[in-house]
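The values are calculated or read from the model by the stated rules, or taken from the named source; none is laboratory data. Keep in mind that what you see is a predicted model, and the values were worked out from it rather than measured. Cβ placement follows ideal geometry from the backbone for every residue including glycine, while neighbour counts extend to all protein chains displayed. With ligands, DNA and RNA removed, areas are computed over all heavy atoms of the protein, side chains included. Shrake-Rupley method; radii C 1.70, N 1.55, O 1.52, S 1.80 Å.
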Amino acid sequence: MKTKTNDTRQHILDIGYQLVVTKGFTNVGLSEILKTAAVPKGSFYHYFKSKEQFGEALIQHYFEQYLEHVSAILEQGTGTGFERVTDYFSRWLIIDNGTCNANKCVVVKLSAEVSDLSEPMREALKKGAYSIVNLIASCIDDGIKDGSITVTDSQLTAQTLYQLWLGASLFYKLSQDVTVLQQALVTTKAQLQPVV
């Protein structure tokens, strides 16, 4: 019975993610989530006390999965630290089913939308974002050690690069021009290997 319970909760989160990343959190009503997931209202409230708690769980679940993916690239990936960091960021440019990966990022999609509406959701986004920054910083440290990255402050560089990519992703959403993300990749490489 527990497997079915976990499967139903997971199904609601999966459907919710697809709706939220497409339409935004406030534009997706509970009835739309329930209808699309084909679950009764009682099932939703069995797992989540409110839409806000659902949003917080959705963000936490997103980061659990995303951090595994990022770790596979940055920590277990092959190549120098520089190659792994640039590999990670270059994946933001990949178009999958007509959607750029940058547009599938919950941080990009929800930060401005929910930060003023929900403190628990803002905290979940912040915690997840800083976890990504820490993984990037660790990989930059590897690059400093292997000589492929020439910066001295891995944490500051990681935070600056992540902020660059969040901003570039927002601008991409406005312009629908992948050149914005391509320029972010050029800037990333220059930040990691500055000319001295």
(message) Being closer than 16 Å to residue 70 by Cα, at pLDDT below 95, open to solvent by less than 50 Å² (accessible area, probe 1.4 Å) and among the hydroxyl-bearing types (Ser, Thr, Tyr) is the requirement here; does residue 90 meet it?
(response) yes
(request) Hey, can you tell me all the residues within the stretch 72-84 that are within 15 Å of the chain's Cα centre (by Cα) and open to solvent by less than 30 Å² (accessible area, probe 1.4 Å)? (result) 73, 74
(request) Exactly one condition in (1) surrounded by fewer than 20 Cβ atoms within 10 Å (Cβ to Cβ); (2) modelled with pLDDT of 95 or more; (3) more than 14 Å from the chain's Cα centre (by Cα); (4) closer than 30 Å to residue 26 by Cα is not met by residue 146; state its number. (result) (4)
(message) So, in the stretch 166-180, how many residues would count as being touching a helix residue (DSSP H, G or I) at 6+ places or on another chain (Cβ under 6 Å) and either under 20 Å from residue 77 (Cβ atoms) or small (Gly, Ala, Ser) (or both)?
(response) 2
(request) Find the helices (runs of 4 or more DSSP H) located wholly in the stretch 1-71 whose residues include 3 or more that are open to solvent by less than 40 Å² (accessible area, probe 1.4 Å), and list them. (result) 2-23, 30-37
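Return yes or no: is residue 190 modelled with pLDDT of 95 or more, of a type in the set (A, V, I, L, M, F, W, C) and exposed (fewer than 14 other Cβ atoms within 10 Å of the Cβ)? Step through it out loud before you land on a result.
Details: modelled with pLDDT of 95 or more: yes; of a type in the set (A, V, I, L, M, F, W, C): yes; exposed (fewer than 14 other Cβ atoms within 10 Å of the Cβ): yes.
When the stated conditions are applied, residue 190 passes them.
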(request) Among the residues of the stretch 112-143, count how many are open to solvent by less than 10 Å² (accessible area, probe 1.4 Å) and farther than 20 Å from residue 63 by Cα. (result) 2
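From 166, 161, which residue is part of a helix (DSSP H, G or I) and modelled with pLDDT under 95? Spell out the reasoning first.
Working: 161 fails: modelled with pLDDT under 95.
After applying the criteria, what remains is 166.
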(request) Residues being open to solvent by less than 20 Å² (accessible area, probe 1.4 Å) and either closer than 16 Å to residue 135 by Cα or among the charged types (D, E, K, R) (or both): count how many of those fall in the stretch 152-169. (result) 6
(message) Quick check on my filter: what residues within the stretch 19-45 are of a type outside the set (Val, Ile, Thr) and touching a residue at least 12 places away in the same chain (Cβ under 8 Å)?
(response) 19, 24, 25, 30, 32, 37, 43, 44
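Looking at the stretch 150-172 only, could you name the residues that are without any contact (Cβ under 8 Å) to a residue 24 or more places away in the chain and of a type in the set (Ser, Thr, Tyr)? Walk me through how you get there before you give the answer.
Here is the first cut: in the stretch 150-172, the residues without any contact (Cβ under 8 Å) to a residue 24 or more places away in the chain are 152-156, 163, 167, 171.
Within the stretch 150-172, 152, 154 meet the criteria.
Okay, residues lined up against (1) more than 15 Å from residue 122 (Cβ to Cβ); (2) within 23 Å of the chain's Cα centre (by Cα):
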site: 14; (1), (2): yes, yes
site: 26; (1), (2): no, yes
site: 33; (1), (2): yes, yes
site: 39; (1), (2): yes, no
site: 43; (1), (2): yes, no
site: 61; (1), (2): yes, yes
site: 64; (1), (2): yes, yes
